[in-house]
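Reading through the structure tokens given below for one structure.
The values are calculated or read from the model by the stated rules, or taken from the named source; none is laboratory data. Everything numeric in this text was worked out from a predicted model, so none of it was measured. Note: ideal-geometry Cβ built from the backbone for every residue, glycine included; neighbour counts use all protein chains shown. The area values use the complete protein model at the heavy-atom level, side chains included, leaving out ligands, DNA and RNA. Shrake-Rupley method; radii C 1.70, N 1.55, O 1.52, S 1.80 Å.
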Amino acid sequence: MYAIVEVKGKQYKVEKGQDILIEYLGEEAKEPEIKTLLLKKDDDTVLVGTPYVEGVKVTSKAVESLKGDKVVIGKHKRRKDYRRITGHRHKYHKITIENIAV
């Protein structure tokens, strides 16, 4: 059994007990509830939403918050002795899918 859910504009294929990395949800995200389910597939049935499947609750638990790899940004202007190097590390939440209930 798997489901395709949408979290903050991005779609993820999830199964029960799976860990996924999603966008940072803020400091108070202990148990994020995912309400936007696009598709759910059991062994014999497939539920497809238009655009979402109604009456579905996907419960999850935030395991940890972490940062991604560093992205280095470099700027320069030729012949002007101008060079700047900055970096950025994006924040993520690692969550575990506990249950997919219709």
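With the other protein chains left in place, how much accessible area per residue, in square angstrom, belongs to the chain at a 1.4 angstrom probe?
Working: 7610 Å² over 102 residues.
With the other protein chains kept in place, the chain gives 75 Å² per residue.
Only sites in a loop by DSSP and with at most 10 other Cβ atoms within 10 Å count here; which GluC sites (Glu not before Pro) in the range 27-102 make the cut?
On the way: sites: Glu27, Glu28, Glu33, Glu54, Glu64, Glu98; in loops: Glu27, Glu28, Glu54.
In loop regions of the range 27-102 (DSSP not H, G, I, E or B), the sparsely surrounded GluC sites (Glu not before Pro) are Glu27, Glu28, Glu54.
From Cα pairs below 8 angstrom and at least 6 apart in sequence, can you work out the relative contact order of the chain, rounded to a whole percent? Provide the component values of the computation, followed by the final result.
Working: 214 pairs, mean separation 32.5, N = 102.
Worked out over the chain, it gives 32 percent.
For Val5, Val102, give the ranking by accessible area with the largest first, probe 1.4 Å.
Details: Val5 0, Val102 105 Å².
Largest accessible area first, the residues go Val102, Val5.
Past the 31 Å Cα-Cα mark, which pairs from Lys16/Lys91; Lys41/Lys70; Lys30/Lys75; Lys13/Lys67; Lys13/Lys75; Lys10/Lys80?
The pairs that break the limit, which is 31 Å between Cα atoms, are Lys41/Lys70; Lys30/Lys75; Lys13/Lys75; Lys10/Lys80.
Heads up, I need the accessible area for Thr59: 1.4 angstrom probe, whole protein in place, Å², nearest 10.
It works out to around 40 Å².
Exactly which chymotrypsin sites (Phe, Trp or Tyr not before Pro) in the range 14-102 are in a DSSP loop and have at most 16 other Cβ atoms within 10 Å? Don't skip to the end; give the middle numbers.
On the way: sites: Tyr24, Tyr52, Tyr82, Tyr92; in loops: Tyr24, Tyr52.
Filter output for the range 14-102: Tyr24, Tyr52.
Sort 69-79, 11-21 for me by packing, meaning the mean count of neighbouring Cβ atoms within 10 Å per residue, highest on top.
Details: 69-79: 8.3, 11-21: 13.7.
Put in order of decreasing packing, that is 11-21, 69-79.
For Thr50 paired with Ser65, estimate the spin-label separation in nm (one decimal), with each label point 7 Å from Cα along the Cα-to-Cβ line.
4.0 nm
Which one is right for this structure if volume of the Cα convex hull per residue in Å³ is calculated from it: (i) 129; (ii) 120; (iii) 88?
Among (i) 129; (ii) 120; (iii) 88, the one calculated here is (i).
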